[in-house]
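> Before I ask anything, let me first share the structure, which is written out below as structure tokens.
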Amino acid sequence: MKVVLLNDRYGANLGAGVTAECLESGLRDRLAGAEIENCDLGGRSKAAAADGFPRALAIAFLRSAPTALKKRVADPLLAAMVRHRYSPHYNETINGADVVVFGSGDILTDDQLDSPMRVAAAAGVARERGTPMAIHAVGVGREWTPKGEALFKEAFAGADLAWTSVADPLSQARWKRHFARCDLAEPIVAFDPGFLAEKFYGPQDGKDRVRRNRPKIGLCVSNPAFLRRQFDGGEIEAPEMTEAFYQSLVEELAKQEVEVTVFTNGSPDDNAFLKSCFPAKFVDQFDDGRIAIAPSGGAPCDLVSIIKDCDGVVSHQTPISIIAYSYRIPHVGLAVNSRLREFFKLTDRLEFVFGPDQFDVQAVASRVQKALETPIHPDAYAALMKKVGRDLDDLANALRRVARSGIRPNGAF
């Protein structure tokens, strides 16, 4: 039995890599003897994890070009990349697969058509080969462009999916709206496999934590351009996440006698912004090493190592909070989009997430202190982790059924 996982396993977003590795590990535990392979939707391989120059250049152009120029030049450029670079990679990896699984991560979002084009192309390869498809614990974007919607519907409309699940009730509602007129089964809610981070990457080092004189807070910094693209606040104006905001937040946290480790999710754009926010002259003004800049990691395990060494975490990004929860590390969210708030709702910690119109450094720093004093409830944690495992059990069973049946879509065998 060969299972191919379609995701962003080797991309610069290390949080997506954590989710992909945890999904792979969870299925290996449940599908003894199965061949499980990752097919990175960005055409990347383990030997070349970082985005290559052509793709990085194209994506930068996509995000900065005026609308008229983008439609005339950038969209065809991305389509050419999908056709000539990504599709051959999909063909090679999917060859011989009994089933392909899209997930997990926010792959059903429309960011400059990048994800819709890649997902449609990969699904097209699966359809041509008669390979059954499944979707597991994906995030669904609030709005799709007309072209993005057409591509996602091209990928899945009318498909007899072996398994369909989304990451949260909000994504479930969005799926129903986007695919309202398509012949698709309603997805169940299956929690992100990234919750298994502690099981896959190992526990915290208790010795280092005992030796500390003060708590260590991890602050994840995100490039403002990324946050603007993530924003879905409707009539509320998108918050300006400037260098001054992050610097002021660090200064406010430092007043509480904590150590602050600043880090990113791995994106080169985020890393560059972090350096501009926290030059040496800013860091050096704090004595006793109270402010540290984490080295930029190149693998998902590097991101996990940073987070699990913290006593508390502050972030705009859902994968960071998922990893923190996995290690039972108190965390505070700065939600520029609805799905991060949905995560805090799922984990029953809504008091620790701020909406886009509530970003105030003093309030955030104060809430961090309260979070440190409010441990994640062990019963709630156990129940959530049990559901994550049960969701993977159900996925594995569905994959076994379709592989054993030998039935292929449209009568192919």
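> Quick one: which of 219-231, 270-282, 18-30, 342-354 comes out on top by average Cβ neighbours within 10 Å, and what's the full order, highest first?
18-30, 219-231, 342-354, 270-282
> Which value results for Rg/Rh of the stretch 349-394 when Rg is the Cα radius of gyration and Rh the Kirkwood radius based on the inverse mean 1/r?
1.17
> With springs connecting C-alpha atoms under 10 Å apart, model the chain as a Gaussian network and identify which of 397, 38, 13 has the largest mean-square fluctuation.
Judging by the Gaussian network model, the answer is 397.
> Sticking with this one: Expressed in nm², what is the orientationally averaged projection area of the convex hull enclosing the Cα positions of the chain?
Average of the hull's projected areas for the chain equals 19.8 nm².
> Which order do peptides 85-93, 147-155, 131-139 fall in by mean Cβ count within 10 Å, highest first?
Taking the mean over residues of other Cβ atoms within 10 Å, the ranking is 131-139, 147-155, 85-93.
> Give me the log10 of I(q) over I(0) for the stretch 272-354 at q = 0.16, 0.22, 0.24 Å⁻¹, as the Debye formula computes it from C-alpha points; what are the numbers?
For the requested q values the scattering log ratios are -0.72, -1.10, -1.17.
> Roughly speaking, what % of Cα-Cα pairs in the stretch 174-313 are separated by over 21 Å, rounded to a whole number?
56 percent
> Follow-up question, since we're still on this one. Over the chain, what is the mean sequence separation of C-alpha contacts under 8 Å (at least six apart), divided by residue count, expressed as relative contact order in percent?
Normalised by residue count, the contact order of the chain is 17 percent.
> Looking at this model, which pairs from 255/370; 199/387; 153/386; 147/345; 46/153 are more than 21 angstrom apart at the alpha-carbon?
Pairs exceeding the cut-off: 153/386; 147/345; 46/153.
> Does the stretch 314-371 come out rounded, prolate or oblate by the C-alpha gyration tensor, with a ≥ b ≥ c the root eigenvalues, rounded set by a/c under 1.5 and, if not, prolate when a/b is larger than b/c and oblate if not?
Cα axes put the stretch 314-371 in the oblate bin.
> So, one more: Taking each pair of different alpha-carbon atoms in the stretch 94-223 once, compute 1/r for the pair, average those values, and report the inverse of that mean as the Kirkwood hydrodynamic radius in Å to one decimal.
Hydrodynamic radius (Kirkwood, Cα pairs) of the stretch 94-223 is 16.7 Å.
> Just how many % of Cα pairs in the stretch 254-393 lie over 20 Å apart, if you round to the nearest whole percent?
Everything past 20 Å amounts to 52 percent.
> Give me, ordered by chain and number, the residues 5 or more places off residue 12 or on other chains with an amide H under 5 Å from its own placed amide H.
Residues meeting the criterion, in which the H sits 1.01 Å from N, are 51.
All of the numbers you see were taken from the coordinates with simple rules; none came from a lab. What you are looking at is a predicted structure, and each value in this text was computed from that prediction instead of being measured. Don't worry about glycine lacking a Cβ; one is built from the backbone with ideal geometry, like all the others, and counts go over all protein chains shown.
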